Amino acid sequence: MTPVTVFTVDGEPLPFVAGQTLAAALVASGRVAWRTTREGRRPRGIFCGIGVCYDCLVTVDGTGGQRACLVQARAGMAVTTGEAEDE
C-alpha cells in the first residue's frame, strides 16, 4: 500500500499526489476558492494556473503571497488561506 502524503491547509490535513501544485491538490479535494477579494469579498481560487494573476495566493510555512498554482506540494508544509496583512 502506498503511504498517503499530506500537507496541512488551515490546520487540516490534505492529501496530494507527488508533482501536484498546492492549487491542484486544493481543487482535487473539492476546494475551488480559498481567499476573497479585498473589495466586495468575492471568492477567489485558481484562475490562470500559470502564476500571472495572483488569484490563488496562500501563505506557505509563514511566508505570505505565495501563488498556489506555482508552489509544488511537499509533505508537512503548513498552508493558510485568506488575506494576510502584508499581501
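The values are calculated or read from the model by the stated rules, or taken from the named source; none is laboratory data. Model, not experiment: these values are computed from the prediction. Cβ sites come from the backbone with ideal geometry, for glycine too, and all protein chains shown count toward neighbours. For the accessible areas, the whole protein counts, side chains as well, though only heavy atoms, and no ligand, DNA or RNA atoms are used. Shrake-Rupley method; radii C 1.70, N 1.55, O 1.52, S 1.80 Å.
With respect to LEU22, is the statement that it is surrounded by 14 or more Cβ atoms within 10 Å (Cβ to Cβ), free of Cβ contacts under 8 Å to residues at least 40 places away in the same chain and not basic (Lys, Arg) true?
Considered against the rule, which asks whether it is surrounded by 14 or more Cβ atoms within 10 Å (Cβ to Cβ), free of Cβ contacts under 8 Å to residues at least 40 places away in the same chain and not basic (Lys, Arg), LEU22 comes out as no.
When the residues of segment 3-15 are narrowed to those that are assigned to a strand (DSSP E or B) and either β-branched (Val, Ile, Thr) or out of contact with any Lys or Arg (no Cβ under 9 Å at 6 or more places or on another chain) (or both), which ends up least open to solvent (accessible area, probe 1.4 Å)?
Taking the candidates together, the pick is VAL9.
Test of understanding: among ALA75, ALA23, ALA33, which residue is at pLDDT 95 or above, among the small types (Gly, Ala, Ser) and not in a loop (DSSP other than H, G, I, E, B)?
ALA23
Take segment 25-42 and flag every residue that is open to solvent by less than 50 Å² (accessible area, probe 1.4 Å) and either free of Cβ contacts under 8 Å to residues at least 24 places away in the same chain or acidic (Asp, Glu) (or both).
ALA33, THR37
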